[in-house]
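Below is one structure; the comments refer to it alone.
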Amino acid sequence: AGSRYRGDFEERLKKVLKEIRTRGDIILFIDELHTLVGAGAAEGAIDAASILKPMLARGELQTIGATTSDEYRRYLEKDAALERRFQKILVAEPSLSHTIEILKGLRDRYEAHHRVSITDSALVAAAQMADRYVSDRFLPDKAIDLIDEAGSRMRIRRMTAPPDLREYDEKIADVRREKES
């Protein structure tokens, strides 16, 4: 949250919530919802979940949260008041063909970010390999990670050192050769 002092997090969160309440047309999306439990709680401070609960109970805050089933059980189910405020909706992992369509939709962003060209066959291979070999995550996330990693690796491989740096590297190599002989 970038808070420096105790209570700073609490103050910032309350300002955001006040703005949301004032506008009235905002639906708050919280990714990794489970991190609310204990977030910002230092000595004597209130955690984010405790700040949100009253507004959620009064219907002043429309919120959608996302987390995994394991983290939901571990954090939200232990806080009965917070669990009552959220309706659990299970989202199934997309099929391989749907994952490929998702990757095609994201292709332009990753091509622009990594300055590479990504073929259809690369997207299909990423989805198939992720499905087969990466067991600790779910599609499409694990396939997206493969595309991202491959794109960054290709960009780094194509990077060349600036002429000044290459000149210094050559001098260092010359000195090492002289030193060894």
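The values are calculated or read from the model by the stated rules, or taken from the named source; none is laboratory data. These numbers were taken from a predicted model, which means no experiment stands behind them. Cβ coordinates were reconstructed from backbone atoms using ideal geometry, including for glycine residues, and neighbour counts include every protein chain displayed.
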(request) Mind telling me which of the residues Ala161, Ala143 ends up being under 26 Å from Ile100 (Cβ atoms), without any contact (Cβ under 8 Å) to a residue 60 or more places away in the chain and surrounded by 10 or more Cβ atoms within 10 Å (Cβ to Cβ)? (result) Ala143
(request) Working only within segment 95-111, note down all residues that are polar (S, T, N, Q) and either at pLDDT below 90 or assigned to a helix (DSSP H, G or I) (or both). (result) Ser97, Thr99
(message) Residues to consider are Met129, Met55; find the one that is assigned to a helix (DSSP H, G or I) and not assigned by TED's automatic domain parsing to the domain that holds Met154.
(response) Met55
(message) When you scan segment 35-47, do you find a residue that is assigned to a loop (DSSP other than H, G, I, E, B), among the acidic types (Asp, Glu), at pLDDT below 80 and in the same structural domain as Gly65 (by TED's automatic domain parsing), even just one?
(response) yes
(request) Could you tell me whether Ala173 is small (Gly, Ala, Ser), assigned to a helix (DSSP H, G or I) and either under 21 Å from Pro94 (Cβ atoms) or touching a Phe, Trp or Tyr at 6+ places or on another chain (Cβ under 6 Å) (or both)? (result) no
(request) Look at segment 1-34 and say how many of its residues are at pLDDT below 85 and touching a Phe, Trp or Tyr at 6+ places or on another chain (Cβ under 9 Å). (result) 3
(request) Provide a single number: the residues in segment 112-126 that are surrounded by 18 or more Cβ atoms within 10 Å (Cβ to Cβ), in a helix (DSSP H, G or I) and among the aliphatic types (A, V, I, L, M). (result) 2
(message) Against the conditions (1) under 24 Å from Ile30 (Cβ atoms); (2) at pLDDT 95 or above; (3) not β-branched (Val, Ile, Thr), where does His114 fall short? Just the number, please.
(response) (1)
(message) When the residues of segment 58-94 are narrowed to those that are part of a loop (DSSP other than H, G, I, E, B) and β-branched (Val, Ile, Thr), which ends up nearest to Phe29 (Cα to Cα)?
(response) Thr67
(request) Check Ser117 against each of (1) free of Cβ contacts under 8 Å to residues at least 24 places away in the same chain; (2) of a type outside the set (D, E, K, R); (3) not assigned by TED's automatic domain parsing to the domain that holds Met154 and name the one condition it does not meet. (result) (3)
